[in-house]
Amino acid sequence: MDLSSTLIGLAASAAIFAWANWRQRRERDKIPGEVSLLPLTLIQMAAIVAIVVLAGHLISLATGVTFHGRMNY
């Protein structure tokens, strides 16, 4: 991935997180106990994971140093 696709993915993940957060917080006109068909909390968690991974990749692109992790083989 190059810089532009990383930034686009980061912005898209942030937008998906913001949308899911907005939908989660709005007042519902539902019957008490009714389950939502769209798991917004799971969508928020997946978006946060994508944001963290893409931010790490963005740092790697900016510094030019690749991250090898704990197990350096």
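Counting only other residues whose beta carbon sits under 14 Å from that of Ile43, what net charge do I get with K and R as +1, D and E as -1?
Summing Lys/Arg as +1 and Asp/Glu as -1 gives +2.
Round to the nearest 10 and give me the degree value, 0 to 90, for the angle of helix 3-25's Cα axis relative to the longest principal axis of the chain.
Approximately 20 degrees, to the nearest 10.
Counting other Cβ atoms within 10 Å of each Cβ, which trypsin sites (Lys or Arg not before Pro) in the range 17-54 have at most 11 and sit in a DSSP loop? Write out the running numbers ahead of the final one.
Values: sites: Arg23, Arg25, Arg26, Arg28, Lys30; in loops: Arg26, Arg28, Lys30.
Hits after loop and neighbour filter: Arg26, Arg28, Lys30.
Label 7 Å along Cα→Cβ of Trp19; the range 31-63 residues with amide nitrogen under 20 Å?
Answer for this model: 36-55.
What does a probe at Val65 reach in the range 1-45, counting residues whose amide N is under 12 Å from the point 7 Å along Cα→Cβ?
none
With runs of 4+ DSSP H residues as the only contributors, calculate the mean residue ellipticity of the chain at 222 nm using -39,500 (n - 2.57) per run, divided by the residue total and rounded to the nearest 500.
Details: 2 runs with 47 residues, N = 73.
My calculation for the chain gives -22500 deg cm²/dmol from helical runs alone.
Treating the angle as unsigned and between 0 and 90°, give the value, to the nearest 10°, between the Cα long axis of helix 40-63 and the longest Cα principal axis of the chain.
20 degrees
Using only alpha carbon pairs under 8 Å that are at least six residues apart, calculate the relative contact order of the chain and give it in whole percent.
Details: 37 pairs, mean separation 33.2, N = 73.
Contact order relative to length: 46 percent.
Read the figures in this text as sums done on the coordinates, not as results from a lab. Note that the structure is a prediction, hence the values are computed from the model and not measured. With ideal geometry, Cβ positions are generated from the backbone for all residues, glycine too; neighbour counts draw on all protein chains shown.
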